[in-house]
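Peer 1: Okay, handing you the structure first.
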2 protein chains.
Amino acid sequence: MSRVYNFSAGPSMLPEEVLKQAQAEFLDYNGSGMSVCEMSHRSKVYTEINDEAEALLRELMGISDDYHVMFVQGGASTQFEAVPLNLLGKNNKADYCVTGNFANKASKEAQKYADVHIASSSKDANYTFIPKDINVREDAAYVHITNNNTIFGTEYHFVPDTKGVPLVSDMSSDILSRPVNVNDYSVIYAGAQKNIAPAGVTIVIAKKELVDNDNTLPYCPTMLKWSTQAKEHSLYNTPPCFSTYMAMLVFRHIKKLGGVEAMAKYNAEKAAILYDFLDSQDWYKAPVAKEDRSFMNVPFVSPSEELNAKFVKEAAANGLVTLKGHRLVGGMRASIYNAMPIEGVKKLVEFMKKFAAENK
Amino acid sequence: MSRVYNFSAGPSMLPEEVLKQAQAEFLDYNGSGMSVCEMSHRSKVYTEINDEAEALLRELMGISDDYHVMFVQGGASTQFEAVPLNLLGKNNKADYCVTGNFANKASKEAQKYADVHIASSSKDANYTFIPKDINVREDAAYVHITNNNTIFGTEYHFVPDTKGVPLVSDMSSDILSRPVNVNDYSVIYAGAQKNIAPAGVTIVIAKKELVDNDNTLPYCPTMLKWSTQAKEHSLYNTPPCFSTYMAMLVFRHIKKLGGVEAMAKYNAEKAAILYDFLDSQDWYKAPVAKEDRSFMNVPFVSPSEELNAKFVKEAAANGLVTLKGHRLVGGMRASIYNAMPIEGVKKLVEFMKKFAAENK
C-alpha cells in the first residue's frame, strides 16, 4: 500500500492512526460483535459514542453549558437554510458578510426567508481579502460570516465587531484548526469532512437561549429544527453513526496531540513553509492579501494555464494529489488541514521548486 | 473476534463479505492511495462510485429512465417533509395511509404544508393489520404509504388501488428485499440503514415528470429539492460518500447472489422458519394478522413482561442480540433483513424453543 499526500479541499485526509484503528475494529467494535455501521443508534454501545463525541468536542473547543452541541445531517449547505429557518421566526432581518462562494450561497438561500442585507463583500476583488469593517443593521436577528473561504484561501483572523448582533459562523473549513472563543459566537456550524470526519455529519453549536426560545419559522422542517435535534441529543432519527464515530476518534486524536493549541502551532508551521516559499520568489503568484491568508487553503498560480495543468499532473505522479484549484480561481490549491502531515507540505514545496526550475 | 446475530430494526447487519472488503481497502481504495472517507466527491475515483451505485440500483430494481434516482442525506424523516415540499406547489391535497408509527409521523409532518386526509388507518387495532381498502380523494396530489412497518411488523403484500392518484411509498425497511414494480409508484424513498448501507444515505426514486415540472413549495429548502439533487446527480454538495460506497458494495453483493428475486426467496425462507414456529405453539404470541405479516420484522411476546426481559437478556448471552421490541408493542422483535443469515434465524428459533421449555 502506498498512501498519497491528498491536498483535497474536502473531503480531505484523515489521521492515518485513526483510519488504522477504525479498520482494525471495523467488524467488531469494542467487543460488541458488530461494526459501528451495524449498530442500533438506541443501543448503549452507540449512545456512548454519541455522548463521548459531544463531550470531547465541548472539551476541545471550550464550549460552555450555555450552548447546545448537535451532530446532524445535510452538510453546511443544509445549515445555510437552517440558520434563517431557526432564527427568523420573530425578526426577519439577516445580515451577511460575503467573502466567497459559500458565503454568497448562504446569503442567497436566506433571501427565500429573510430581508437580507449585505454587511460586507469582497466580491469586486474576486474575494482576495476579508473586509475589516462591516455595516451591520443593529436590529438584525443575526450576522453571518464564513470563517474560512475554502475556494479563495482567505480566513478571518479576527472576530468582526457586530455591535451586539448575534454572530453566526460557518467554520466548515477551519473548525478545530486553532482555538476560538466560542462565546464570541451565537451559532457555529461546520461540515465534518475537512478537519473532523468522513462527510455525512455536520456540527451545530448554538446558544441555548436562541434555540430554546423557539425562533423558528412556521414551515421549518422538523429535521432542520435545532430545538428538535438538541432535545433528542442528535438522536431524533437515525444519525450518521459511522461519521460521528470517526469524529469521536479524531477528537481523541486531537486531544492526545495537545488539543487545538497544538493543532494551531502545527498548522501555522505548515502554512509558513508554503507562504514563506511563495514570498521568496515571483514565478508562482499567491493572490490573497497577506493578512487574510488562510492557514487551511493555499491557492497559487504558475505563469500559464498550460503550466498549471502540467503542474497538477506531475505533482500527482509524485504522490501529491488533488492540487487543482477551483475553477473560480484557477491554478492550484493546496488544502493543508489538521491531518495533512508536515512532510506532505515539505514535499510539495520541494516539488514546486523543482517544477519552477524545470519550466522557467 | 466473535460476530453476533444482530436482530436490530436499524441500523442493521451488513453482509460480512462486504464489511471485509471495505475493511481491506479502508486505507487505500482501488490503488488511489486514500480511503473512500478522504476523497474529493468531485474526483474521478469517487464519481465512478456514485455512478456505479446508481446504475446498480437501477438494474436491481428495474428502474426505467422515466425516474430520477438520488442519494441524499437526512433519512426517511427528512423525506417526510421533502415529499409535501416537492409535490404540493400546485395542489395542496395529500392523502395518507396510516399503518404505523412512521406512517403517522409522515402524515403529521405533511400537515404543516398540506390539506391532509387520512385515506386509511389501523390505529384502533394498534396497527396489527394493513387496511385493504383506501379512501382516496381523486384530486389529491398524492397518496402516501409506508411499505413495511418496522415497529409493528406489517407489510404491504399488495399495491393499493389509488384510482390514478400518484403513489408515494416509504420503503425504508423492505427495499431490495423482494421485487417491486417501480412503475406502480410515483415516488419511492428509503433510508439505507436496514437493507443497504450504514446510516447516512437515503435513496429517492422519483418520476421525472413530477420532479422536472417543479411542483415545489416556494419555501422548500434547496437541499430538500429533488430537482436540485437530480440535476446534480446527487453531488449538489458533499454527499455522504462512505455510505454511498457501502451501498455500491451491497448492490454488487445482491447482484452476485441473484438479485432481488434471490433475496425474496431467501427472506421468505427465513420468515417462514420463524412464523411456522410461532404458529406451531401458543406460548409465544404473534400479534399481526397473518396475511399482513412482515418478512422483515417479526414481533412476538412471551406470557409476561418479566419473561420478555429474561428472554432478551438470555438471548443476548447466546449471541442473539437487539431482540427487545419497540415500547409501542412490547415483547420481542426479530428484524431479519437481507443480511441476516438463515443460520441466525435457525439459532433464534432453537433458543425460543429452549427458553419456552425452561420457563413454562
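The values are calculated or read from the model by the stated rules, or taken from the named source; none is laboratory data. Since we're looking at a predicted model, the values are computed, not measured. Quick reminder, even Gly has a Cβ in these numbers, built from the backbone with ideal geometry, and neighbours come from all protein chains shown. The area values use the complete protein model at the heavy-atom level, side chains included, leaving out ligands, DNA and RNA. Shrake-Rupley method; radii C 1.70, N 1.55, O 1.52, S 1.80 Å.
Peer 1: Among the lysines in the stretch B:186-255, how many pairs, 8 or more places apart or on different chains, have alpha carbons under 25 Å apart?
Peer 2: 8
Peer 1: Separate question: As an exercise, use a Förster radius of 41 Å and the Cβ-Cβ distance of A:Phe158 and B:Ala317 to find the FRET efficiency, rounded to the nearest 0.05.
Peer 2: The pair A:Phe158/B:Ala317 has a calculated efficiency of 0.10.
Peer 1: What gaps in nm, shortest first, separate A:Ala316 from its twins in the other copies when you place the label 7 Å past Cα toward the beta carbon?
Peer 2: Nearest first, the other copies' label points are 5.0 nm away.
Peer 1: When only alpha-carbon atoms are used, what values of Rg and Dmax, in angstrom, describe chain A?
Peer 2: 20.7, 63
Peer 1: Between copies, how far apart are the B:Asp214 label points? List them in nm, one decimal, shortest first, with each point 7 Å from Cα toward Cβ, please?
Peer 2: Those label-point separations list as 3.5 nm.
Peer 1: Right, here's the next one. Could you compute how much accessible area chains B and A hide from each other, both sides summed, with a 1.4 Å probe? Nearest 100 Å² is fine.
Peer 2: It comes to approximately 4600 Å² buried between B and A.
Peer 1: Follow-up. So for the protein assembly as shown, taking the charge dipole from beta-carbon charges (+1 Lys/Arg, -1 Asp/Glu), which of B:Ile118, A:Ile175, B:Leu257 sits furthest toward the positive end?
Peer 2: Of B:Ile118, A:Ile175, B:Leu257, it is B:Leu257.
Peer 1: Counting Lys +1, Arg +1, Asp -1, Glu -1, what net charge surrounds B:Asp282 among other residues with beta carbon under 15 Å of its beta carbon?
Peer 2: Surrounding charge for B:Asp282 is +2.
Peer 1: HN-Hα J couplings of the stretch B:293-306 from phi, Karplus 6.51/-1.76/1.60, θ = phi - 60°, integer Hz, Gly and Pro as x?
Peer 2: Each residue's phi maps through the Karplus curve to give 5, 6, 7, 9, 10, 10, x, 7, 10, 8, x, 8, 4, 4 Hz.
Peer 1: State in Å² the accessible area per residue of the stretch B:26-256; use a 1.4 Å probe, count heavy atoms of protein chains only, and round to the nearest integer.
Peer 2: Here the residues of the stretch B:26-256 average 31 Å² of exposed surface.
Peer 1: Apply the Karplus parameterisation 6.51 cos²θ - 1.76 cosθ + 1.60, with θ equal to phi minus 60°, to every residue of the stretch B:140-147 and state each ³J(HN,Hα) to the nearest whole Hz, in sequence, with x for glycine and proline.
Peer 2: Karplus-based 3J(HN,Hα) across the stretch B:140-147 equals 6, 6, 6, 10, 10, 10, 10, 4 Hz.
Peer 1: Another question about this same structure. For A:Lys354, give me every one of the lysines with a C-alpha distance below 21 angstrom, ignoring sequence neighbours fewer than eight places off in its own chain.
Peer 2: A:Lys270, A:Lys285, A:Lys310, A:Lys313, A:Lys324, A:Lys346
Peer 1: Divide by every residue of chain B the summed helix terms, -39500 (n - 2.57) for each DSSP H run of at least 4, and state the resulting mean residue ellipticity at 222 nm, rounded to the nearest 500 deg cm²/dmol.
Peer 2: -11500 deg cm²/dmol, from helical runs alone.
Peer 1: A further question follows. Answer rounded, prolate or oblate for the stretch A:130-277, using the Cα gyration tensor with square roots of eigenvalues a ≥ b ≥ c: rounded when a/c is under 1.5, else prolate when a/b is larger than b/c, else oblate.
Peer 2: In terms of gyration-tensor shape, oblate.
Peer 1: While we're looking at this one, here's another question. Take the Cα of A:Asn30, step 7 Å along the line toward its Cβ, and report every residue of the stretch A:51-79 whose backbone nitrogen sits under 15 Å from that point.
Peer 2: A:51-57
Peer 1: Normalized C-alpha radius of gyration of the protein assembly as shown, against 2.2 N^0.38 Å?
Peer 2: Normalised by 2.2 N^0.38 Å, the Cα Rg of the protein assembly as shown equals 0.98.
Peer 1: Another question about this same structure. Around B:Asn148, what is the net charge, scoring Lys/Arg as +1 and Asp/Glu as -1 over all other residues with Cβ under 11 Å from its Cβ?
Peer 2: Taking every other residue near B:Asn148 into account, the sum is -1.
Peer 1: Place a point 7 Å from Cα of B:Glu291 in the direction of its Cβ. Which residues in the stretch B:122-153 have their backbone N less than 14 Å from it?
Peer 2: B:129-134
Peer 1: Which whole-Hz couplings ³J(HN,Hα) result when phi for each residue of the stretch A:114-122 is put into the Karplus expression 6.51 cos²θ - 1.76 cosθ + 1.60, θ = phi - 60°, listed in order with x for Gly and Pro?
Peer 2: 10, 7, 9, 10, 8, 7, 6, 7, 10
Peer 1: Here is a follow-up. For chain A, modelled as a Gaussian network with Cα springs under 10 Å, which listed residue fluctuates most, A:Leu249, A:Leu328, A:Leu235?
Peer 2: Ranking A:Leu249, A:Leu328, A:Leu235 by mean-square fluctuation puts A:Leu328 first.
Peer 1: Please sort by residue number the trypsin sites (Lys or Arg not before Pro) in the stretch A:58-95 whose DSSP state is loop and whose Cβ has at most 11 other Cβ atoms within 10 Å.
Peer 2: Sites meeting the loop and neighbour criteria: A:Lys90.
Peer 1: Can you give the charge dipole size of the protein assembly as shown about its Cα centre, rounded to the nearest 20 debye, using +1 on the beta carbon of Lys and Arg and -1 on the beta carbon of Asp and Glu?
Peer 2: 520 debye
Peer 1: So, one more: So who's got an amide H within less than 5 Å of the one on A:Tyr142, skipping anything under 5 residues away but keeping other chains? H placed 1.01 Å off N, in plane.
Peer 2: When sequence neighbours closer than 5 places are left aside, the close amide H contacts are A:Asp95.
Peer 1: Distances in nm, one decimal, shortest first, from A:Lys353 to the same residue in every other copy, taking the label point 7 angstrom along Cα→Cβ.
Peer 2: So the distances to the same position in the other copies read 7.6 nm.
Peer 1: Also, quick follow-up: Hey, how many Å between the Cα centroid of the stretch A:6-30 and the Cα centroid of the stretch B:158-233?
Peer 2: Value for the Cα centre distance between the two parts: 32 Å.
Peer 1: Return the single residue from B:Pro198, B:Pro299, B:Pro221 with maximal mean-square fluctuation; model: Gaussian network over chain B, springs between Cα atoms under 10 Å.
Peer 2: Comparing B:Pro198, B:Pro299, B:Pro221 in a Gaussian network model of chain B, the most mobile one is B:Pro221.
Peer 1: Next question. If you keep only loop residues by DSSP, which trypsin sites (Lys or Arg not before Pro) in the stretch B:119-151 have at most 15 other Cβ atoms within 10 Å of their Cβ?
Peer 2: The qualifying sites are B:Lys132, B:Arg137.
Peer 1: All other residues with a Cβ under 14 Å from the Cβ of B:Asn213 taken together, and with Lys, Arg as +1 and Asp, Glu as -1, what is their net charge?
Peer 2: So the environment of B:Asn213 carries a net charge of +1.
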